[in-house]
Amino acid sequence: MGGTSLTIGKGVGMLINSENHALPDGQDVPPKFTNWPAVGDRQQRCQIERDHVSAVLTIKPRGLSYLTTMKGTDAEMAQPIDILVQAVSLAKVYNGKTPVTALCDVSFTLHRGELAALLGKSGSGKSTLLNLLAGLDQPSSGSLMVGGQPLHSWNSGQMAAYRSNVVGVVFQSYNLIMQRTALQNVELPLVFAGCAPGVRQQRALAALDAVGLSPRAHHRPTELSGGEQQRVAIARALINQPQLLLADEPTGNLDSVTADEIMALLKNYCREQQTSALIVTHDEELARRFATRILRMHDGHLLEDAA
Amino acid sequence: MKFSDLIRFAFHSLTQHKLRSSLTLLGVILGAFLVIVTISIGQGVQEVIPRLMRRNDQLRQIRVDPNWERKQLVAVAEEALVGVMSDERRVRLTEATKRRNAGGNSGDLREPLNDQRLAELAAIEHVESAVPTIAMNAELRFRDQSLNVNYFSTTTENRNLARSLVAGRSIASNAAAEVLMNESLAYNLGFQNEADLDQLLGAKVRLNADFGGAYLDNMLASKSNGLIQLSTDDKQNVEKVIRSFPAVAELTNLPAECRKLIKHILLVSAESLSSTLLQPQRASTGDLTVVGLYRRSTEVEHQLHEYFGHHEMVLVPDEIARAFVRQIPGFDKTGYGQVIIRVDEERNVRPVVEQLRSRKYRVHSLVEIVEHLQRQYGLMLWSMTALGTVALLISALGVTNTMLMSVLERTREIGIMKAVGARDGQIQAIFLTEGVFVGFVGAAVALAGAWGASKFANSWIQQIVSKEANQPVDDQLFLFPWWLIAGIFVVTLTVTLVAAWLPARRAARIPPVIALRHD
């Protein structure tokens, strides 16, 4: 960690503001968008209007229990608003010379603001489930609803919009682009979201500040420690204020102190932002300390789902 | 994703592998350079040729030669050719016999270009003038000196003449009794010192031509050492006797038909004999004032169609030259050897040419030659352009190859970008922009290089031609019209865009989960 201490309260606090702002055309802005460094009205409106999926997921007032109906069958749409993720009989089979069933009949729900830990041995299907939830892959069968939307039937464009606006992913191997600085890596999602350079740089600096890395903003990943790289990856995952945060062993390569700091950062963020999180980990003790719920997988099956 | 981000991404990606990108760029630059240079020089040549011709109004001029009518071949009976021979040989020999019986290959002059014809030609619509070109030999008399010179008719419209004068001035008018003399002739006449040349100006010279005649006078004077000289009455008596000579035919006891034929032959012969024996056949320009001295045209001037009489020793005003050659015996039958017609506008040359051809004249127009030359050069230069295009296409393969490698190397990066929200179209746009970036930079550098090289080449060529022509030459051999500048960008960008399309599409289609697993 190089002596860098996390300033979660200060950093994340900047991101929290419950006050609603109204756009010129009367469109409500989601509360959590408004407290980022100044975003022009146009960018905000573009951000909201550009993707219908994002708009529905972010604009609906939290805690309302009416059903969200956009597309799909009535059965698919019938999902309480406080449930963010609903997986029903999810399966994933990799077709090759010998077909491999990575996921089999996995059903679970994830509520808004819930931080769940996903435990399991290597090859149990954790990463596969994470990829499906991240919109990086499609299930072979079953249904996967996120915010009431049928993720399993979306095309690549809708999936890209989903990845851009709804989900944030922290990979075990960080997946940072080595040729770009920490700042450039963090602002990458905003680049594809069409955010103006000045605005996205301010937001990326704020996100790096939130994870305590603003002094290292112009360093490349090769110049950062493992923990710092992981925090850059977290800042990148959070910069678009995702509804769903997915982390694949975010502490797997870190020492215990840094791992605790990272987990605390994620937990605080989820609590303050009412963001759902699913964190894959091998460390059961860590999971019990930070997660509000534990899911356990074995050979592609979900064995345990306990609070 | 903003356009500026696409540019930034492309630049960033290309600078990651500087050597590879530079080599790819070099290929595009060379291809585009070849295309630019060939089209540029093609344009230059296409414009320089008519411009050079236009400089002396050459393109408004039409050269008209008298038309010669081929003689009617005299039929030969099949059995006239004896001997055993192949059919092909029989055909050849029959043809040769017909031609020989007709009096050889030469034909009859259909319409001599005399003054009446000249007036007709000048009356054709759009024709400004019809001036004969006269170039012949004559005796030049200067004081007590006599030299055999060739002379050439000229007009006040000869623009090149003034530039070539080394002393004096050009002719005052086309009918002025003046003459321009070559400096080498002046030297032969005794004006060796340059300072003495002015003394020749204002001097009188005379051009004479002797075509024979007065044979009786000459022979009598020669044989009697000048003692016997015939008076006018004596000559009239001799002519009377000669003209009565055909009547001798009636004194023979030949058949009437034969006598008639012999009488006709004697009549023609008597007329010719009378002319030859008694009438002097001479021509003279009368006194002409030397008003200017000129130098000989240089080879380059000659090649540039800026000559004004390459070998001629004396230049005579058109009207004077015409009056001189009209004195030549039989001129009415032969006429002028050549006439130059000047048309009011270049675009009217073709219709006038067609009209002259319909009147059976042999016509030569530089417009046709220019068109022919332009076609020839155009064909050659388009072939070179095609080669340049092939080079550009080959460089496009380099772009494709480089970008395919780039896609392979950046597969994981592509996965990351997709994982954070990049759409397929955005990934494709990133790689297409790289291709376009290479194309744009390649075209710009090639254009700048070609422009720089052309400046150097133009300057070098102008220097050489100016030195040879002894006058400033500012013709541009390389031209860069706006459409070439715009076109090279369009072509190069299109080529590189197409070259980048396959790698870009491949990059866009990589599933994110597979891309992220790529090591």
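The values are calculated or read from the model by the stated rules, or taken from the named source; none is laboratory data. If you're wondering where the values come from, they're calculated on a predicted model, not measured in any experiment. A quick note on method: Cβ atoms are made from the backbone with ideal geometry, for glycine too, and the neighbour counts reach across all protein chains shown.
Is one or more of the residues making up region B:13-21 farther than 13 Å from B:G435 by Cα, in contact with a helix residue (DSSP H, G or I) (Cβ under 9 Å, 6 or more places away or on another chain) and away from chain A (no Cβ under 13 Å)? Give the steps one after another, and end with the answer.
Of the residues in region B:13-21, the ones farther than 13 Å from B:G435 by Cα are B:15-20.
Cutting the leftovers down to in contact with a helix residue (DSSP H, G or I) (Cβ under 9 Å, 6 or more places away or on another chain) gives us B:15-17, B:20.
Next, only the ones that are away from chain A (no Cβ under 13 Å) stay: B:20.
Within region B:13-21, one or more residues are farther than 13 Å from B:G435 by Cα, in contact with a helix residue (DSSP H, G or I) (Cβ under 9 Å, 6 or more places away or on another chain) and away from chain A (no Cβ under 13 Å).
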What number of residues in region B:506-517 are more than 7 Å from chain A (Cβ to nearest Cβ) and either within 9 Å of B:D424 (Cβ to Cβ) or hydrophobic (A, V, I, L, M, F, W, C) (or both)?
6
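Go over the candidates B:L381, B:L373, B:L479, B:L366 one by one and state the one that is at pLDDT below 85, within 30 Å of B:V343 (Cβ to Cβ) and in contact with a Ser or Thr (Cβ under 8 Å, 6 or more places away or on another chain). Break it down stepwise before answering.
Working: B:L373 fails: in contact with a Ser or Thr (Cβ under 8 Å, 6 or more places away or on another chain); B:L479 fails: at pLDDT below 85; B:L366 fails: in contact with a Ser or Thr (Cβ under 8 Å, 6 or more places away or on another chain).
Every option except B:L381 fails the conditions.
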Taking region A:186-204, which residues are among the aliphatic types (A, V, I, L, M) and part of a helix (DSSP H, G or I)?
A:V186, A:L188, A:L190, A:V191, A:V199, A:A204
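Please work out which residue is modelled with the highest pLDDT, limiting yourself to region B:405-424 and to residues that are more than 8 Å from every other protein chain (Cβ to nearest Cβ) and within 19 Å of B:I7 (Cα to Cα). Working first, answer last.
Step one: list which residues in region B:405-424 are more than 8 Å from every other protein chain (Cβ to nearest Cβ), which gives B:405-411, B:414.
Next, only the ones that are within 19 Å of B:I7 (Cα to Cα) stay: B:406-407, B:410, B:414.
Details: B:S406: 85, B:V407: 86, B:R410: 86, B:I414: 90.
So, considering only residues that are more than 8 Å from every other protein chain (Cβ to nearest Cβ) and within 19 Å of B:I7 (Cα to Cα), the one modelled with the highest pLDDT is B:I414.
Quick grid of which residues meet (1) touching a helix residue (DSSP H, G or I) at 6+ places or on another chain (Cβ under 7 Å); (2) closer than 30 Å to B:A209 by Cα; (3) buried (at least 18 other Cβ atoms within 10 Å of the Cβ):
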| residue | (1), (2), (3) |
| --- | --- |
| B:I328 | no, yes, no |
| B:S358 | no, no, no |
| B:E368 | no, no, no |
| B:M384 | yes, no, no |
| B:N401 | no, no, no |
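Among the listed residues A:A182, A:A237, identify the single one that is under 22 Å from B:I427 (Cα atoms), crowded, with 23+ Cβ neighbours inside 10 Å, away from chain B (no Cβ under 13 Å) and touching a residue at least 24 places away in the same chain (Cβ under 8 Å). Steps first, answer last, please.
Details: A:A237 fails: away from chain B (no Cβ under 13 Å).
Just one listed residue meets the conditions, A:A182.
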Might you let me know whether region A:164-176 holds any residue that is facing chain B (nearest Cβ under 9 Å), of a type outside the set (S, T, N, Q), under 13 Å from B:K2 (Cα atoms) and surrounded by 21 or more Cβ atoms within 10 Å (Cβ to Cβ)?
no
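Quick one: would you say B:S395 is in contact (Cβ under 8 Å) with a residue 60 or more places away in the chain, more than 46 Å from the chain's Cα centre (by Cα) and either surrounded by fewer than 23 Cβ atoms within 10 Å (Cβ to Cβ) or within 30 Å of B:A32 (Cβ to Cβ) (or both)? Walk me through it before giving the result.
Values: in contact (Cβ under 8 Å) with a residue 60 or more places away in the chain: yes; more than 46 Å from the chain's Cα centre (by Cα): no; either surrounded by fewer than 23 Cβ atoms within 10 Å (Cβ to Cβ) or within 30 Å of B:A32 (Cβ to Cβ) (or both): yes.
No, not satisfied.
In contact with a helix residue (DSSP H, G or I) (Cβ under 8 Å, 6 or more places away or on another chain) and not in a helix (DSSP H, G or I): which single residue out of B:G421, B:G415 fits that description? Steps first, answer last, please.
Numbers: B:G415 fails: not in a helix (DSSP H, G or I).
Being in contact with a helix residue (DSSP H, G or I) (Cβ under 8 Å, 6 or more places away or on another chain) and not in a helix (DSSP H, G or I) holds for just one of B:G421, B:G415, which is B:G421.
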